[in-house]
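Derivation of every value follows stated rules applied to the coordinates shown; laboratory data play no part. These figures come from a predicted structure and were not determined experimentally. Positions of Cβ are backbone-derived with ideal geometry, glycine not excepted, and every protein chain shown enters the neighbour counts.
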């Protein structure tokens, strides 16, 4: 009886938790203004969340009213990316329990053209946007949250099948409600390449994801298992990566004359260098295809637990040099270095990449013990040996040829 009751209470707890762990907003629009949009709030099971309401507080641009693909379920600011707009959408959720937390965001995005039809990726025209999100409990004081840079909202879209796409992102920063209203702001701008597109949304989902990269689990850390980041390959690639210096007993010299990676965004190289604990080495790289939106970063996992703890940033320079300190407590044996070329604004080693990742191995050896010097003569002895020597008669002599008593430095000696 006790076990059944315990299981029942546990089931209620899990059900309640799952309902609070996900909040989805969908829309029913009757006009072009923020006030014309009714927002439905549902949990992970698609059921209404009792006592929780939501609204569109404001929009910087009126919404498109109609079009072949535009329904009342889509909110689409009526502005084309070609005009370089700054779009702000603010949503308010009321009634969430205090300390409800979120670390992930999903957006169902519709790439639309001027006539309200869906764009296609088949025309090979990029339609990139930059998305910045921020949160607040009063609608005035904002905290930045999830950012997504230069993503093509028409990627993989076609009019005969997949007409829109659900995008999802996780953050290492968890946001919590304070028991007051919860505000979410979407700031949307044109990316580096956008041939013309309208940004439509049919759902917003806030989640407290229980997913964690495998490399963060205790077992994975103990075994040194690394997380394979999601992402997509661009035209950038490393043309050179070199590790040299006094602390290096086996240098690394990687070179590539062309981008022959066949679309793979993450490559694990077997090129390696051997470095000494506590020493310093030179890291030099060169890259092809970088623009102002890219950053180049080298990450190091000195304790081989699958987590990159330190990094060296190079910004967007096509080539770079840095002196890297090997920690005195670095784990002996094989550790990993990751070179990340990326333009989506995400800065952690294992986050989604839009560009290229190259992993190299470093072998850490003990710091060499200093070799004790040999045949060292005390300086006092050297000074004495350099003084003139005389026999007992006061004549200058050569010590190497003398046998018997002699005087040197005012002292009587015998040889």
Zone of residue 192's modelled label, taken as backbone nitrogen in the range 288-302 under 16 Å from a point 7 Å along Cα→Cβ
288-297
State, as an integer percentage, the relative contact order of the range 22-70 based on alpha-carbon contacts under 8 Å between residues 6 or more apart.
34
The range 19-207, relative contact order in percent, only Cα pairs under 8 angstrom and at least six apart counted
30
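Would you kindly calculate the translational diffusion coefficient of the chain, applying Stokes-Einstein with the Kirkwood radius from alpha carbon pairs, for 37 °C and a viscosity of 0.692 mPa s, and quote it in µm² s⁻¹ without decimals?
Working: Rh = 26.3 Å.
D = 125 µm²/s.
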Between residue 361 and residue 288, take the C-beta separation as r, use R0 = 22 Å, and let me know the FRET efficiency to the nearest 0.05.
0.40
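Tell me, what is the FRET efficiency for residue 155 and residue 50 to the nearest 0.05, using R0 = 25 angstrom and their Cβ-Cβ distance as r? Please report the intermediate quantities before stating the final value.
On the way: r = 37 Å, r/R0 = 1.50.
It comes out at approximately 0.10.
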Segment residue 249-residue 411, length gained on full extension (0.36 nm per residue, minus Cα span)
53.1 nm
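Taking neighbour Cβ counts within 10 Å as the exposure measure, how do 301, 271, 141, 106 sort from fewest upward? Don't skip to the end; give the middle numbers.
On the way: 301 23, 271 14, 141 10, 106 17.
Arranged by neighbour count, lowest to highest, 301, 271, 141, 106 become 141, 271, 106, 301.
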If I model a spin label at residue 396 and residue 172 as a point 7 Å from the Cα along the Cα→Cβ vector, what separation in nanometres do I get?
7.6
Using only alpha-carbon positions, what ratio does the radius of gyration of the range 19-207 give when scaled by 2.2 N^0.38 Å?
0.99
Simple label model, 7 Å out from Cα along Cβ direction - residue 86 to residue 256, nm
3.7
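May I ask you to compute the full-extension gain from residue 331 to residue 71, defined as 0.36 nm times their residue separation minus their alpha-carbon distance, rounded to one decimal in nm?
Working: separation 260, 0.36 × 260 = 93.60 nm, distance 5.85 nm.
Extra length available between residue 331 and residue 71 comes to 87.8 nm.
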Between helix 2-20 and the chain: long-axis angle, C-alpha atoms, 0 to 90°, nearest 10:
80
Taking a ≥ b ≥ c as the square roots of the eigenvalues of the Cα gyration tensor of the range 214-365, is the shape rounded (a/c under 1.5), prolate (a/b larger than b/c) or oblate?
oblate
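Calculated from DSSP H runs of 4 or more alone, at -39500 (n - 2.57) each and per residue, what is the 222 nm mean residue ellipticity of the chain, nearest 500? Provide the component values of the computation, followed by the final result.
Values: 3 runs with 32 residues, N = 415.
Computed ellipticity for the chain at 222 nm equals -2500 deg cm²/dmol.
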